[in-house]
Amino acid sequence: MAIAINHHRCTGCRACYDECPADVFAWDAATDLPIVAYPDECWHCGICSMECDEKALIHTLPPQCWNDINKRYVANLGRMSQPKQAPGSAEEETGG
């Protein structure tokens, strides 16, 4: 699961419930606390964790997200680590 709620820390402020753009949370009227009702709908944006002042939410990216990140960015690491020539450098001026 991408989101876990620590109900011992949760104060029931409803910030996660109100701010989640994917409506992952439902409200448990019996406990007056949020529950993760639709974990498969999570966008992994982290807004719920950022909005929680009590730090009661633990948001982790599932392995598939890490695989996607690696495919997109690791391939570019070699190109990103090579220094660029500064404008007006000696090689540019001599045509080298």
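The values are calculated or read from the model by the stated rules, or taken from the named source; none is laboratory data. Values in this document were obtained by computation on a predicted structure and should not be read as measured data. Note that we place each Cβ from the backbone using ideal geometry, even for glycine, and neighbour counts take in every protein chain shown. To get the accessible areas, we keep the full protein, side chains included, count just its heavy atoms, and leave off ligands, DNA and RNA. Shrake-Rupley method; radii C 1.70, N 1.55, O 1.52, S 1.80 Å.
Give the number of residues within the range 38-77 that are β-branched (Val, Ile, Thr) and over 21 Å from Asp28 (Cα atoms). Steps first, answer last, please.
Initially, the range 38-77 is screened for residues β-branched (Val, Ile, Thr), giving 47, 58, 60, 69, 74.
Now narrow it down to the ones that are over 21 Å from Asp28 (Cα atoms): 60, 69, 74.
Count: 3.
Of everything in the range 45-55 that's open to solvent by less than 30 Å² (accessible area, probe 1.4 Å) and assigned to a loop (DSSP other than H, G, I, E, B), which residue is modelled with the highest pLDDT?
Result: Cys52.
Only one of (1) modelled with pLDDT under 75; (2) surrounded by 11 or more Cβ atoms within 10 Å (Cβ to Cβ) is not met by Pro83, so which one is it?
Looking at each condition in turn, Pro83 falls short on (2).
Starting from the range 54-71, keep only residues that are without any contact (Cβ under 8 Å) to a residue 40 or more places away in the chain, then list their pairs with residues that are open to solvent by less than 80 Å² (accessible area, probe 1.4 Å) whose Cβ atoms are within a distance under 6 Å, requiring at least 6 positions of separation or different chains.
Final answer for the pair search is Cys65/His44.
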